[in-house]
Amino acid sequence: MEKEFFVERYRKLGWKFYKPKIKQAIRVNTLKISKDRLKKRLSAKGIKVSDIGFSKDGLFVEKSDFSIGSTVEYLLGYCYTQGSASQLPAEMLNPAQDDLVLDCCAAPGGKTTQLSQLMKNKGVIIALDKKSQRLIALKNNIERMGCSNVIAYNIDALDVSSLSLKFNKILLDAPCSGNFTQDENWFGKRDIEGIKGNAENQKKLLKACFDVLMPGGILVYSTCSLEPEENEDNVGWFLENFNAKLLEKKMLWPSEESQGFFIAKFMRKK
Amino acid sequence: MRPLEHFLIQFGIRRFEKGNNEIFVQDNKYFLISRGIQNIIKKTKKPFYSGIYLGKARGKSFFPSVNLLNKIRKKARNKVWIDEKTEWLFVCGRDIFSEGIESSTKCVYKGIITLILNKNSEVLGFGKAIKGLSEKGVVIQNIFDIGDFLRRERKKK
């Protein structure tokens, strides 16, 4: 598959291809520290940050002579290195403090720990990942960030019904084809067949999630793919086949402020 | 004595404050879990992780988590505060020289296990006093520090 094929379809979807230099972003862990206090501490170390306008706990790293990941503040769990756009799905899910929330495909835990922080460590989050090795990273991040309301299972999200639980809120940040901003050789590796294959897996995951979502419950579906098969087409398929209503939809094309991301928010009709 | 209790007694803590939570032990790993979590665990299969991870037991030894060290911070009898330069060296796994110590509680002497805190009283880990704190050279041996989070990530790769 030629790069031009993808570039042309992005143009048809309304975005002119270019390679942005994306700013590094972090999320402040408000379970442990306020945004202002962390800003002051980082500033004292010569790290310049600025607010991410579209994410309430996010900060862009404007200037730093060393990696944020090697600061005491990071080790103390005061922040999580997380792309600005990937901070949006959990915010859009907007979990309440008494919710039972499902986070499918949860490792390494960026969104799980964000959900925990939005819920102020109340309620319960069920975090799933099918790869046990990835769950170790999830465990480390839950521990570092001081989350106390998470139960993690080594289960494929496709088998979530085996838990016999029904959820008020579900976050499905689905495995996807990704996009060129994360991989220099993305265009060389991807083809339309692979993308369609991922879209089919995502449909199976959407179905598995719908089956365990309470009537009136909210499902947020997201990918970091720019391909319509994995985004708009899956939304259309979901609305055609399930008793759900689309509440909100966002497509973020790559820019200096974010990698590409697609997010759709549904409600299961009563 | 159970490993967790044995660990805590070294800091002068005879009773662990659980609040309304329960301690749940699975495969020698200790977790502090809320009632909401308990209710779900009863109904489902074995979880990989739940609630607050406190640490793991191996034989009679207990390897605490950062969460547990934070939980005992206020009640722990043995505490040492270190300066900013030493803070970084400590989280890189290094031992502590007497020059890096800013203050300590009275009961830290040779052979004692102590929490290590920075100037903001944030827990950085724990170590063992191998000499009197005013003696020259290395006085506290690093046992565990929060830099372990980075080392675990590197190990993973």
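The values are calculated or read from the model by the stated rules, or taken from the named source; none is laboratory data. Here the structure is a predicted model, which is why all the values come from computation and not from measurement. Virtual Cβ from ideal backbone geometry, glycine too; neighbours counted across all protein chains shown. Only protein heavy atoms, including side chains, enter the accessible area calculation; ligands, DNA and RNA are left aside. Shrake-Rupley method; radii C 1.70, N 1.55, O 1.52, S 1.80 Å.
Flag not set for residue A:67, criterion: on the phi < 0 side of the Ramachandran plot, surrounded by 22 or more Cβ atoms within 10 Å (Cβ to Cβ) and free of Cβ contacts under 8 Å to residues at least 40 places away in the same chain. Does residue B:132 satisfy the condition of being farther than 17 Å from residue B:92 by Cβ and away from chain A (no Cβ under 11 Å)? Spelling it out, residue B:132 is indeed farther than 17 Å from residue B:92 by Cβ and away from chain A (no Cβ under 11 Å).
Identification of helices (runs of 4 or more DSSP H) wholly contained in the stretch A:180-270 with 2 or more residues that are of a type in the set (Val, Ile, Thr) yields A:192-211.
Scanning the stretch A:124-147 for residues that are in a loop (DSSP other than H, G, I, E, B) and open to solvent by less than 30 Å² (accessible area, probe 1.4 Å) gives A:129, A:146, A:147. Within the stretch A:139-154, residues that are farther than 21 Å from residue A:26 by Cβ and β-branched (Val, Ile, Thr) have Cβ atoms under 9 Å from residues that are open to solvent by 20 Å² or more (accessible area, probe 1.4 Å) and not in a helix (DSSP H, G or I) in these pairs: A:151/B:44; A:151/B:48, counting only partners at least 6 apart in sequence or on another chain. Would you please name the residue that is nearest to the other protein chains (Cβ to nearest Cβ), looking only at residues in the stretch A:82-111 that are assigned to a helix (DSSP H, G or I) and under 20 Å from residue A:178 (Cβ atoms)? Checked the stretch A:82-111; the qualifying residue nearest to the other protein chains (Cβ to nearest Cβ) is A:110. All told, residue B:32 falls short of being touching a residue at least 40 places away in the same chain (Cβ under 8 Å), part of a strand (DSSP E or B) and not assigned by TED's automatic domain parsing to the domain that holds residue B:121. Here the condition is being farther than 27 Å from residue A:133 by Cα, open to solvent by less than 40 Å² (accessible area, probe 1.4 Å) and out of contact with any Cys (no Cβ under 9 Å at 6 or more places or on another chain); of B:16, B:62, it holds for B:16 alone. For residue B:153, the test of being away from every other protein chain (no Cβ under 14 Å), of a type in the set (Asp, Glu) and not in a strand (DSSP E or B) is failed. Against the test of being of a type outside the set (S, T, N, Q), within 30 Å of residue A:126 (Cβ to Cβ), modelled with pLDDT under 95 and out of contact with any Lys or Arg (no Cβ under 6 Å at 6 or more places or on another chain), the options B:60, B:43 yield a single qualifying residue, B:43. Across the stretch B:27-43, a minimum of one residue is classified as open to solvent by 10 Å² or more (accessible area, probe 1.4 Å) and either in contact with a Phe, Trp or Tyr (Cβ under 6 Å, 6 or more places away or on another chain) or more than 13 Å from chain A (Cβ to nearest Cβ) (or both). Only one of the numbered conditions (1) free of Cβ contacts under 8 Å to residues at least 40 places away in the same chain; (2) within 29 Å of residue B:127 (Cβ to Cβ); (3) not β-branched (Val, Ile, Thr) is not met by residue B:63, and that is (1).
Just one of (1) more than 12 Å from chain A (Cβ to nearest Cβ); (2) in a strand (DSSP E or B); (3) open to solvent by less than 50 Å² (accessible area, probe 1.4 Å); (4) in contact with a strand residue (DSSP E or B) (Cβ under 6 Å, 6 or more places away or on another chain) trips up residue B:57, so point out which. That leaves (4) as the condition not met. I'm checking my understanding of the structure. Among residues of the stretch A:177-228 that are of a type in the set (Ser, Thr, Tyr) and touching a residue at least 60 places away in the same chain (Cβ under 8 Å), which one is farthest from residue A:20 (Cα to Cα)? Here the answer is A:222. When the residues of the stretch B:65-100 are filtered to those that are surrounded by fewer than 18 Cβ atoms within 10 Å (Cβ to Cβ) and among the small types (Gly, Ala, Ser), the one that is farthest from the other protein chains (Cβ to nearest Cβ) is B:98.
In the condition set (1) of a type outside the set (S, T, N, Q); (2) open to solvent by 10 Å² or more (accessible area, probe 1.4 Å); (3) under 22 Å from residue A:252 (Cα atoms), residue A:44 is compliant with all but (3).
For (1) hydroxyl-bearing (Ser, Thr, Tyr); (2) touching a helix residue (DSSP H, G or I) at 6+ places or on another chain (Cβ under 7 Å), each residue gets a yes or a no:
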{"position": "B:48", "(1), (2)": "no, yes"}
{"position": "B:56", "(1), (2)": "no, no"}
{"position": "B:70", "(1), (2)": "no, no"}
{"position": "B:82", "(1), (2)": "no, yes"}
{"position": "B:86", "(1), (2)": "yes, yes"}
{"position": "B:102", "(1), (2)": "no, no"}
{"position": "B:148", "(1), (2)": "no, no"}
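Here are some residues: A:264, A:174. Which one is over 26 Å from residue A:140 (Cα atoms) and open to solvent by less than 30 Å² (accessible area, probe 1.4 Å)? Going through A:264, A:174 in turn, the sole match is A:264. So which residues in the stretch A:4-23 are open to solvent by 80 Å² or more (accessible area, probe 1.4 Å) and either part of a loop (DSSP other than H, G, I, E, B) or touching a strand residue (DSSP E or B) at 6+ places or on another chain (Cβ under 8 Å) (or both)? Answer for the stretch A:4-23, where residues must be open to solvent by 80 Å² or more (accessible area, probe 1.4 Å) and either part of a loop (DSSP other than H, G, I, E, B) or touching a strand residue (DSSP E or B) at 6+ places or on another chain (Cβ under 8 Å) (or both): A:13, A:16, A:18, A:19, A:21.
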